[in-house]
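Below is one structure, written out as structure tokens, with a few remarks after it.
The values are calculated or read from the model by the stated rules, or taken from the named source; none is laboratory data. No experiment lies behind these values; they were computed from the predicted model shown. Heads up, the Cβs are rebuilt from the backbone with ideal geometry, glycines too, and the neighbour counts pull from every protein chain shown. Heavy atoms of the whole protein, side chains included, go into the accessibility calculation; ligands, DNA and RNA do not. Shrake-Rupley method; radii C 1.70, N 1.55, O 1.52, S 1.80 Å.
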Amino acid sequence: MTKMIYGLLGHPVGHSLSPAMQNAAFKAAGIDAVYGVYDIAPEALTDFLSSVSKKGISGLNVTIPHKINTRHYIEINGMIDSFAKKLGAVNTLKPGPDGRLCGFNTDGPGFYRSLVEDLKFEPEGKTVFVLGSGGAATAVVMYLGNGPKRIFISDVDKEKASALKEHYGVYYDKSRISVVDPAKIEGGLSASDLLVNATPIGMKDDDPSPVVKEMLHRGLRVYDLVYNRPSTELVKDATRLKLHAATGLGMLLYQGAIAFEIWTGVKAPIAVMRKALKEALKEGYGG
Ligand code: NAP
């Protein structure tokens, strides 16, 4: 039998952790497959997507900048699952039996699984504060849905935060979500059970925490979506205060694990994937 082909579609994709994680998973599951990278410029996306089956590719992850345009393509030429449709972005593709692509989004469920597994936190009925309102925050908020009793969102770009509230309101109870002025996050944060950092602050070596330490209260859980380093100032501050805190490595792990399960129908070897991710991080990958 020929080797199956999987990969990551993005631009650029040079420093991704996904090949290390997925290749380790295929090996551990005894599946003869290779996971590579497809660096495809935006103007070449449609041609690439229309030739996925012809190329013999059995599954893809999709990353920046292609998640939204892949959704547009799939809505016309393929099938889209309900969460990817609601979110408006696709991060996983699988060709169906007729060769048409099926699009999924595993970022939201990956975040949720990490929240439950890594932070031991179930958001139902709780209050959640999300800092940032870009693509990652949208996946988080749209997957939380009507679960939390209240969601605060705050972004330096207030219009972007308001747009996320409107997007949420198309599907869920808009009265649960409040946009918070970035200069006044303390009030919302003090009433929250979970803080999610969905800004890029923490990705660079000298980045401070996006939240001053004094605002972290007892009982607050902290989930920092940043995953390209072993820890961040936010996670370090929270840990010093003995709060439960995690980086986004778990979200990256579970979004990949769920994609693996969609492609193969085989339970993902979580421990092997986590180990491969950590090793790849040590080697200096992580873009
Ligand atoms: P994005 O689209 O750039 O969104 C981030 C938003 O945060 C932007 O609107 C940005 O505003 C805003 N922001 C920046 N500093 C802020 C501050 N101090 N307070 C409030 N808002 C602030 O980025 P993204 O793609 O959503 O990614 C966000 C983070 O999530 C990144 O660290 C990324 O690596 C991580 N992520 C992790 C995973 C995972 O699997 N763990 C998956 C996806 C993303 P401006 O644009 O005006 O600066």
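Ignoring solvent entirely, what values of log10 I(q)/I(0) come out of the Debye formula for region 109-160 at 0.14, 0.29 Å⁻¹ when each Cα is a single scatterer? For region 109-160 at q = 0.14, 0.29 Å⁻¹, log10 I(q)/I(0) is -0.35, -1.22. The long axis of helix 107-118 is offset from the longest Cα principal axis of the chain by roughly 60 degrees. The average projected area of region 215-279, computed from the convex hull of its Cα atoms over all directions, is 5.1 nm².
The helix-only estimate of mean residue ellipticity at 222 nm for the chain, built from DSSP H runs of length n ≥ 4 each weighted as -39500 (n - 2.57), is -12000 deg cm²/dmol after division by the residue total.
Averaged per residue, the chain has 46 square angstrom of accessible surface, using a 1.4 angstrom probe with ligands and nucleic acids left out. Computed with the Debye formula from one identical point scatterer per Cα of the chain, without solvent, the log10 of I(q)/I(0) at q = 0.08, 0.09, 0.14 Å⁻¹ comes to -0.33, -0.42, -1.02. By the rule of a C-alpha distance below 14 Å, with chain neighbours fewer than 8 residues away ignored, the aspartates and glutamates paired with residue 54 are 98. Helix 270-282 axis versus longest C-alpha principal axis of the chain: approximately 80°, rounded to the nearest ten.
According to the calculation over all Cα-Cα pairs in region 11-69, the P(r) per 10 Å bin from zero is 19, 50, 28, 3 %.
Relative to the longest principal axis of the Cα atoms of the chain, helix 158-171 runs at roughly 70 degrees.
The rule of thumb for compact globular proteins, 2.2 N^0.38 Å, goes into the C-alpha radius of gyration of region 168-287 1.23 times. Taking amide H as placed 1.01 Å from N in the peptide plane, residue 179 has its amide H under 5 Å from the amide H of 153, each at least 5 places away in sequence or on another chain.
With charges set only on the Cβ (+1 for Lys and Arg, -1 for Asp and Glu), what does the dipole of the chain come to about its Cα centre, in debye to the nearest 20?
On the way: 34 positive and 30 negative charges, 127 e Å.
Here the size comes out at about 600 debye.
Size estimate for region 51-98 follows the Kirkwood approach: the inverse of mean 1/r over distinct Cα pairs works out to 11.0 Å. The number of Lys pairs in region 106-262 with C-alpha atoms less than 16 Å apart, excluding pairs fewer than 8 positions apart on the same chain, is 12.
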